[in-house]
Every structure is written in structure tokens, then in C-alpha cells.
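Read through the structure below, which is laid out as C-alpha cells, and then see the notes.
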Amino acid sequence: MRRGLFVGLVLAVFAALIIGLGQLFGLDLQHVALLGAALGGVLGLVPHQPPLGKLGGFLVGFVVAWIGFALRAAVLPDTASGRAVAAFIVVAIVGIAGAVSRGRLPLWSALIGAAAIVGAYEETYTNAPSQFLKESPAAATTVLLAVALGYLAASLIPQGEAEGDSRSSWDWFSRGSQTRTDDVETVGIDGLVAGENK
């Protein structure tokens, strides 16, 4: 619980810092501050081995989604069907990348990368698809800066308390039940759904 509180406070400070840096350097960071800090925080908080794998997955998803915008601007019609084809291609490619890497590039981090560029650039793209080459680099760099600061904020707090936190959280959500996290792993998800206990 304490780690969650500390990480939340540090992320809050960094989100405000991102907006302040944007004003200081004339960057349009205020629109992506919360998005970037939140996604970077998730990326930093979720454990994965090897640690660089989740960053690699993020970058794969980010680049593939950016290429999806390029396809929409150059080839695909600016209609619902064109957006659907682009979304299918992006998600399929990141899924294939995760499978080919045998989990070293986790799908969840690739999806976070795709969500980062889409969240930062979709509205701008919709307003001016023909300005892709001019405006997408600015959106990409600003959201990457925000994600990097969010990741840094989450990484500053050591993960030593994480196991204790998850057990106490599970106990709280189970409404007084004595089931703990290690029991969940023993029973399995099917047993939990069926209401079985250890």
C-alpha cells in the first residue's frame, strides 16, 4: 500500500513537471502529460523479465502504430473501413511480434506503446491527415518524453513491498476471506470462478 501511495505521489509530481517543462521549453506537453505519465507509470510498475523486453515491446507497438497512421495518410481511405484496416494491421503485427519473441516483447507493453501514439496524435491526425509528415513527429516526441518521465517516476520507488501490497489488497477485495495471493495461484482461475478455496 505504501509503495502504491509513493508511486502515485511521484507520478502526480512528474505529471505537473511535464506540464511545467512544456511551458518552459515551448512544447505542447499539457495535452499528453497525464496520458504519458500514466502509461509510463504502468510500464515501470509491471514487472517483466528481461526488463528491457517491456521497453522493446513498447517501442515496437509505438512504431507500428505510427506506421499505421502513415498507411492511413498514404494508402487507406479516411473512412471507418480504412481506420478498421489500420487498427487490424497494427494489433496483428504487435501480436505477431510478441509471439515471435516468445514473450520477451510482451503484448501488453506493445499495446501500451500503440495507445501512447494513438492517444497523443489521433485527434490531430483526424483534423489534418495531410499534415502527417509535419505534425506526427511533434506528437511522437512529446508523448515519448511524457512516457519516459512517467516510467522514471515509477522506477524510482523500489519494488520490495510489492508482494506484501498484493496480498493485503487481495484480502481487502475478498471481503474478509482468508484467501491470499499464494492460495489464488494454487486454486487457479477456474477454481476462483467456481468459488473454490484452498
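Laid out as a table, the results:
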read-out	value
Any hit, segment 85-92, residues being surrounded by 12 or more Cβ atoms within 10 Å (Cβ to Cβ), closer than 19 Å to Q30 by Cα and without any contact (Cβ under 8 Å) to a residue 40 or more places away in the chain	no
Extreme residue, farthest from the chain's Cα centre (by Cα), among residues of segment 93-102 that are among the small types (G, A, S) and surrounded by 14 or more Cβ atoms within 10 Å (Cβ to Cβ)	S101
In segment 43-59, the residues that are surrounded by fewer than 21 Cβ atoms within 10 Å (Cβ to Cβ) and within 16 Å of L105 (Cβ to Cβ)	V46, P47, H48, Q49, P50, P51, L52, G53, L55, G56, L59
Pairs, first in a loop (DSSP other than H, G, I, E, B) and modelled with pLDDT of 75 or more in segment 24-49, second crowded, with 19+ Cβ neighbours inside 10 Å and among the aliphatic types (A, V, I, L, M), C-beta under 6 Å, six or more apart	V32/A120; V32/V143; V32/A146
Top-ranked residue of segment 103-154 - restricted to ones that are of a type in the set (V, I, T) and touching a Ser or Thr at 6+ places or on another chain (Cβ under 9 Å), ranked as surrounded by the fewest Cβ atoms within 10 Å (Cβ to Cβ)	T124
Filter result for F69 (buried (at least 16 other Cβ atoms within 10 Å of the Cβ) and on the phi < 0 side of the Ramachandran plot)	yes
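Every residue, every condition in (1) under 18 Å from G36 (Cβ atoms); (2) in a helix (DSSP H, G or I); (3) within 15 Å of the chain's Cα centre (by Cα), yes or no:
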residue	(1), (2), (3)
G56	no, yes, yes
A65	yes, yes, yes
R72	no, yes, no
A86	no, yes, no
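The values are calculated or read from the model by the stated rules, or taken from the named source; none is laboratory data. None of these values were measured; they are calculated from a predicted model. Here Cβ is always computed from backbone atoms with ideal geometry, including for glycine, and neighbour counts include all displayed protein chains.
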